Amino acid sequence: MAAKLSGGGGGKYAIEQNSEINVTPFVDIMLVLLIIFMVAAPLATVSVEVKLPVAVAEPKENPPKPFFVSIQADSRVYIGDNEIPGGPDAVGGELLGLIGNKTPSDERIFIRSDQTTRYGDFMQVMNSLQDSGFYSVALVGEEQTK
């Protein structure tokens, strides 16, 4: 009671060769990878609210006469206690008038900004300072109490 396994003719163990590729394992692997990427992709997006942190660096000595540029939340800009009438774009020119004969690259400028200041206003101040030659700029943060 033997069963014939192959087509016509041949011996008892003659089996027809199958030359087709079995794609089922390939499809299974691709579906698993798809699911992994679908789960991991939302975790890779950045949706973090940005607020200015408290400064944790050790405070350094101030230069003899520091220049503080302050930016308020309503876009008003001050050098020391004096408001700049031209706004963020006029800071560089005002500081050039205040330093006199000194070179702008030798002066260190300290920028203080409110937490809710628009980033665009801050960048206008930075661009104005760089256009006027002030490249040594420090950002002032609130000191952390231990």
**OP:** Please find, within the range 100-121, the residue that is farthest from Gly141 (Cα to Cα) out of those that are modelled with pLDDT of 85 or more and hydroxyl-bearing (Ser, Thr, Tyr).
**Re:** Tyr119
Original post:
Got at least one residue in the range 113-128 being loosely packed, with under 12 Cβ neighbours inside 10 Å and part of a loop (DSSP other than H, G, I, E, B)?
Top reply: yes
Original post:
Applying the selection to the range 125-144, what residues are touching a Gly at 6+ places or on another chain (Cβ under 8 Å) and under 12 Å from Val77 (Cβ atoms)?
Top reply: Ser128, Leu129
Subject >> Selected residue [basic (Lys, Arg) and modelled with pLDDT of 70 or more] from Lys65, Lys4, Lys60 >> reply: Lys65
Subject >> Gln115 being closer than 18 Å to Ile84 by Cα and within 22 Å of the chain's Cα centre (by Cα) >> reply: no
**OP:** Write out, first by first residue and then by second, each pair whose Cβ atoms fall under 9 Å of each other, whose residues are 6+ apart or on separate chains, and whose first residue, in the range 88-99, is at pLDDT below 85 and part of a helix (DSSP H, G or I) while the second is surrounded by 17 or more Cβ atoms within 10 Å (Cβ to Cβ) and of a type in the set (D, E, K, R).
**Re:** Pro88/Asp121; Ile99/Glu107
Subject >> Filter result for Ser70 (at positive phi and either surrounded by fewer than 17 Cβ atoms within 10 Å (Cβ to Cβ) or not in a loop (DSSP other than H, G, I, E, B) (or both)) >> reply: no
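The values are calculated or read from the model by the stated rules, or taken from the named source; none is laboratory data. The shown structure was predicted, so the numbers you read here are calculated from the model rather than taken from an experiment. Here Cβ is always computed from backbone atoms with ideal geometry, including for glycine, and neighbour counts include all displayed protein chains.
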